[in-house]
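The values are calculated or read from the model by the stated rules, or taken from the named source; none is laboratory data. Owing to the predicted nature of the structure, the values given are computational and were not obtained by experimental measurement. Cβ: placed from backbone, ideal geometry, glycine included. Neighbour counts: every protein chain shown. Accessible surface is based on the protein model in full, side chains and every heavy atom, while ligands, DNA and RNA are left aside. Shrake-Rupley method; radii C 1.70, N 1.55, O 1.52, S 1.80 Å.
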Amino acid sequence: MSEILKLVGVFKSYDGKNNVLKNIDLNIEKGEFIGIIGQSGSGKSTLLNIIGALDIPSKGDIYFNGENISYYNSEKRAQFRNKNIGFIFQFHFLLPQFNVIENILVPNWIDSGNDSHDKKEDALDILRDMKLEDIADRDSQNISGGQQQRVAIARALINKPAIVLA
Ligand SMILES: Nc1ncnc2c1ncn2[C@@H]1O[C@H](COP(=O)(O)OP(=O)(O)O)[C@@H](O)[C@H]1O
Ligand SMILES: [Mg+2]
């Protein structure tokens, strides 16, 4: 197995004094499924935000496929996230102005502009895998909560990310 993600001595403080994350070392291999367990307020979301390049550490380094991504600027982090990370949030955050299949294609539009004709087939494949093909053209706000959550999962997969954070 090859290592996809490595954290070395990661600290995070929000106030410059108290560390929420204290010297985290973590190695994740390609293909691994990892669960992070801890009390509310213990730092799980803080860690996921840093792994997903939504936030930067106060100290320490994060390597993705051997490349140090710790201190990318916000534009580079956005590109990195779009290409490499699929996010499945607790709340689905589907965009109300778009229907189901359009919501799934949004990460691809960001990646490649409107030139995403090829990807529509990929989106339909994912919809079929998730038993959502019947609702592809439905308004994303007028489907069930479980369907919305599955649409959000499909959206996280459309750019074939190396890492899915759920
Ligand atoms: N943006 C923030 N600004 C300041 N403090 C924060 C922020 N986000 C989280 N915290 C604090 O950091 C600690 C860890 O929070 P969090 O990572 O959200 O925990 P968990 O996801 O495990 O419940 C908590 O004490 C929380 O209050
Ligand atoms: Mg949390």
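Just a few scattered comments:
- Angle between the chain longest axis and helix 117-129 axis [Cα atoms, degrees, rounded to 10]: 90
- Inter-part distance where region 150-166 and region 75-109 are each reduced to a Cα centre, Å: 8
- The Kirkwood hydrodynamic radius of region 100-165, based on inverse pair distances between different Cα atoms, is 11.9 Å.
- 1.4 Å probe accessible area per residue over region 10-90, in Å²: 64
- Surface per residue (accessible, 1.4 Å probe) for region 100-165, Å²: 54
- The chain: angle of helix 145-157 to the longest principal axis, Cα-based, in degrees nearest 10: 70
- Counting only alpha carbon atoms, the long axis of helix 100-112 and the longest principal axis of the chain meet at about 60°.
- The lysine pair count for the chain, using Cα distances under 16 Å and pairs eight or more places apart or on different chains, is 14.
- Label-zone membership for region 152-166, site LYS30, 7 angstrom Cα→C-beta point, backbone N under 20 Å: 157-165
- Percent accessible area from carbon and sulfur atoms, region 31-166, protein chains only, probe 1.4 Å: 51
- Restricted to Cα atoms, the chain shows a radius of gyration and a Dmax of 17.3, 52 angstrom.
- Debye, to nearest 20: dipole size of the chain, +1 on Lys, Arg Cβ, -1 on Asp, Glu Cβ: 620
- Paramagnetic reach from TYR14 in region 51-72 [backbone N under 18 Å; point 7 Å along Cα→Cβ]: 51-59
- Equivalent ellipsoid semi-axes, region 3-71, via Cα gyration tensor eigenvalues times 5, rooted, Å: 19, 15, 9
- Sparsely packed loop sites in region 6-48 (the trypsin sites (Lys or Arg not before Pro) outside DSSP H, G, I, E and B with at most 16 other Cβ atoms within 10 Å) comprise LYS17, LYS30.
- Net lengthening on full extension, ILE110/ASP129 (0.36 nm per residue, minus Cα-Cα): 4.5 nm
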